[in-house]
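In what follows, a structure is listed as structure tokens, so that the remarks can point back to it.
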Amino acid sequence: IHFDLILAKVKELNLLAGEGIAGMQPRLRQPQALPLTLYQNGMVMRDQPFWPYQDPATQQCLQDILDGYFPSELQLCYPDGI
């Protein structure tokens, strides 16, 4: 697992989602942080259970991030986008 690359891609996605950008128009709702914790043998995203890196769903989530996309896992919780 290339932690530095994953963290760099997460930072890019955060910027794409508007982190750190002040706008003139007030937002109807503030974006909510989605915690992602990376461990040596797996990860935890939001309030979900631990995902081992060997699990296909975890691998797909990380691949989405590395490809520059928001994880498809989030589509169920955020159908209108993040």
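The values are calculated or read from the model by the stated rules, or taken from the named source; none is laboratory data. Just so you know, these numbers come straight off a predicted model, no measurement behind them. Cβ: placed from backbone, ideal geometry, glycine included. Neighbour counts: every protein chain shown.
All told, Leu13 falls short of being modelled with pLDDT of 90 or more and within 12 Å of the chain's Cα centre (by Cα). The single condition from (1) modelled with pLDDT under 80; (2) surrounded by 11 or more Cβ atoms within 10 Å (Cβ to Cβ) that Ile21 fails is (2).
Within the range 50-76, can you find the residues that are modelled with pLDDT of 90 or more and aromatic (Phe, Trp, Tyr)? Selection gives Phe50, Trp51, Tyr53.
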